[in-house]
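The values are calculated or read from the model by the stated rules, or taken from the named source; none is laboratory data. Owing to the predicted nature of the structure, the values given are computational and were not obtained by experimental measurement. When we count neighbours, we look across all protein chains shown, and the Cβ atoms used for this are built from the backbone with ideal geometry, even at glycine. What goes into the accessible areas is simple: the full protein's heavy atoms, side chains included, and nothing from ligands, DNA or RNA. Shrake-Rupley method; radii C 1.70, N 1.55, O 1.52, S 1.80 Å.
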Amino acid sequence: MAQVGPPLDEPVPHQPSNGKKVAYFYDSDVGNYAYVAGHPMKPHRIRMAHTLIMNYGLYKNMEIYRAKPASKYEMTQFHTDEYVDFLQKVTPDNMDNYAKEQGKYNVGDDCPVFDGLFEFCGISAGGSMEGAARLNRGKCDVAINWAGGLHHAKKSEASGFCYINDIVLGIIELLRYKQRVLYIDIDVHHGDGVEEAFYTTDRVMTVSFHKYGEYFPGTGELRDIGVGNGKYYAVNVPLRDGIDDRNYKNIFEPVIRSVMDWYRPEAIVLQCGGDSLSGDRLGCFNLSMKGHASCVSYVKSFNLPVLVLGGGGYTMRNVARTWAFETGQLVGRDMGPQLPYNEYYEYFGPDYELDVRPSNMDNANSPEYLAKIKNQVIENLRRTAFAPSVQMTDVPRSPFGLADDNDDILDDLDEDEHPDSRMTQRRFEARIEKDGELSESEDEGMNTSNGIRRQPGRPRRRNIMDYRNPDAAPDSGLNSRATTPDLPESLNGGSVDGDANGAAAAAVANAQIGEQIMSAKASASPAPGRLTTTAAADEAASIASHLSSASEDGADDDDEMDVDEPAAAATNATALPATSAPSAILASAPVPSSQSHHTTSSSSTIAVATANSNSNGSGGGRAQAQVTPPDSPVPANPGIPAAATDVTADGDVEMGDGETAVPDPALAKEEGLAERNNEDVRAEAAAEVALGNAGASADA
C-alpha cells in the first residue's frame, strides 16, 4: 500500500473553554443502588462527584438533565433479546431459579445480582444515549454522563462489573449522523467490550491506554489492530505498572494527535475511568488528578462534539474529586484547592482538598519501551485510509429521546404547572449563569433542595441586618427582653375588671423588675463626665405632683372606678419621666377598685438614686438615695420599688486636675431616651393642666 503523507490542513486550534455549551446528565437515584456488601464497585461515588459539582457552583455553567432510562427495546440495539430479558427478570429473590442463565451470561461473582439491577443499567445507558442524541442535534458541544462508561459488557454477557454497554449504545446513536467516531479509553483496564463491538468496521476507531500483562481482562495487546474493514482501526497502547503524569502525557498526546490527523473523526467519546489514578483499590497506575484531567483538556481542545463518560474507579473520594475537577475543565471554570462544604465532606479527610497526589511507586515503563510503543502505533495509523468515508442515507428512525420540538412542549407544560413560581426545577437545571451575574435571593431555596450548601466565608446577598454599626452602643440588660418576666394577659392589653388576682400579679412582676433595675444601677459605673441637672429633677417632681393631684381628682367619691379611669392610668404611666420600658408597662396594671385611689397616686412616684457628687474637685464620691418628691402621696405598697433616675446636686460637673470627660455610649443612649421621654411628659402635663382648668371653669 502506498503511504500517504499527513494532511496539510491541521485541526482547529485551541479555543476558549467558555464558548462551549455543556449538557450534564445526572439521575439522583443512581446513588441508591449497591452491588453487594464488600463489592468494590460503588455507584455512590457518582453522587459524591455530583455533590462536589453542585457545591463548586459548576451547575451555573451547564445545563442539567435527567435522562429517560433506556428501555428494553433501546438496549437491544446492541445486546441480544434473551440477555436483556434475563437482566429484566432476575432479582435476588428469584436468582436461584436462573442458575443456568447466570452461568450462561456470566452473572455471579464479579457481576452479582442486586436489587434494581435493570433500573441501574437503564439510568447508565439512558444518559449516554441521550447525550449522544443532543450532540447529534447540535443542542450541546459537550455531554457528560459520569454514570456511564461501562466498557466491559459484551453483546450477550456481563463482564467486569458491567452489564449493559452504554458506550456502544451511545456510539451507535452518534453513527446515525456522524461518518466517523473516535473512542478514547483512559481506564486502567482495556476497553474490550467496545473494541469487540466495532472490531470489523472503520467507522469507529477505538484507542485504549491500559495496563497489560496478567491483568483483567487480559486483552489489548499491541498487535490487536482489528480485522476486515476494521483493520488498523483498533489501537491499543499497553502500559506497565506505575506510569506517572509526565510519561503518560508524552505518549497520550502524540498518539491522539496522529489519530486526529489521519482519521479525522466527527465526534469523540471519551471514557474517563478513575482507576488509573494513584492509590486506586484495583488500579496500578500512578496518575495524579491533574495528570488524568490533562487528557480530558487535550481531547476537548480539538473542538469536536465530545461525549464524556465515567467508568472504573474504586477509591470513591479520589474518583469524586477527579470527575468534579474534570467537569470544571470542561465548562472552563477554575476550582479552588479547598473543597466546599458538602453532604459528604467527611469522606475527603484529612486534607479536604481538591487533589489526588501521586505516590512514590516505581515506574516500570522505561523511556525505550514507551518510545517503541508510540512508534509502532503511529506506523499502524499510517496504514489506514485517510479519513474513510461512508455513503450516508436518510436516517430511518426518529432520534433517541426527545424530538427537537418536545423541549418547547415541556417548557410550556412546566409553565402551566407552576404559574406562580419564578424558578422551577426545570428552569434551574436549564439555566446557564453568565459571568458576573448575581444570583437572586429566590434561588436559595432551590439551591438547598438540590444539595447545595451555604459555604462558610462565601459572600452572600446583602440583607438589611447585614450591616452592624461598630460605634453603636451594645445592648444592655435594662432594655433586653431577657430581663422582662412573662406578664399575665391583663398586663399586656387584656381586659381585667379590677380583680385582686390582677393586682397581685402586677405587684409581683413590678417587684421583680424593680429589683433588677436597682441591681443594675448599683453595679453600673457612670462615666466621669456624665452631666445631669437639678433642674431636670425639679421639673420631674413638679410634673409628678401635678399628676398625683389630677389622679386624686379623677377618683369618684364612692371609690368605684369609672370607664375612663383605665385610660387615665395609662396616661400616668406614659407621663413617668426617665423610666425604663418595663416600668412604664407595669404602671398601667389594673388594680382592685378599693385601692384605685392610692395605686394611681403611687404610679407617679419617682425614685432619685445614684447621685454623682464631685465635691472639692475629687470627682470620686458616689452616693445613693431614694427621694420622694414634695406633695406626693406615700406609696400604697412599699414592697414595689419605684423607677430610678440619676440626678446630681449641681448642674455643673467639676473635674479633677488632668481629668477629661469620657462619654459612655450606653449611658449616652439612655440619656437621649430620657430626654425624649421628658419632652413627651412636658407635653402631656400641659394638656392635663389645660383640661383641669377647663373643668374648673365649667364647675364654676
Length added when fully stretched, Arg257-Lys231, from 0.36 nm per residue minus Cα-Cα: 7.4 nm
Highest average packing first - 121-131, 79-89, 202-212, 54-64, Cβ atoms within 10 Å: 121-131, 202-212, 54-64, 79-89
Accessible surface, 1.4 Å probe, highest first, among residues Thr384, Thr76: Thr76, Thr384
Förster-model FRET efficiency, 35 Å R0, Arg357 and Asp115, C-beta, rounded to 0.05: 0.45
Gain in span if fully extended, Gln88 to Lys290, counting 0.36 nm per residue against the direct Cα distance: 68.8 nm
Peptides ranked, highest mean first, by Cβ atoms within 10 Å: ranges 309-315, 342-348: 309-315, 342-348
18 Å cut-off, amide nitrogen to a point 7 angstrom out along Ser389 Cα→Cβ, residues in the stretch 200-219: 202-204
In nm, spacing of pseudo-spin labels at Leu222 and Glu675 (7 Å Cα→C-beta vector): 9.4
Residues in the stretch 22-46 that a label on Arg281 would reach, taking backbone N under 19 Å of a point 7 Å out along Cα→Cβ: 30-46
Among 510-517, 33-40, the order from most to least packed when residues are scored by Cβ within 10 Å on average: 510-517, 33-40
Point-to-point label distance, Lys372-Thr80, nm (Cα→Cβ direction, 7 Å offset): 4.0
Inter-centroid distance (Cα atoms) of the stretch 163-191 relative to the stretch 71-122, Å: 22
Relative contact order, percent, the stretch 317-373 [alpha-carbon distance under 8 Å, six or more residues apart]: 38
Residues of the stretch 22-384: accessible area per residue with a 1.4 Å probe, Å²: 34
Area accessible to solvent at Lys372, 1.4 Å probe radius, in Å²: 140
Added length on full extension, which subtracts the Cα-Cα distance from 0.36 nm per residue, Lys60 to Glu515: 157.9 nm
Cβ-Cβ FRET estimate between His39 and Lys249, R0 fixed at 30 Å, reported to 0.05: 0.35
Cα shape, the stretch 22-384, gyration tensor, a/c 1.5 rule: rounded
Test item: Cα-centred dipole of the stretch 22-384, Lys/Arg +1 and Asp/Glu -1 on Cβ, debye: 1160
Arg45, Arg257, reordered so the largest accessible area comes first (probe 1.4 Å): Arg257, Arg45
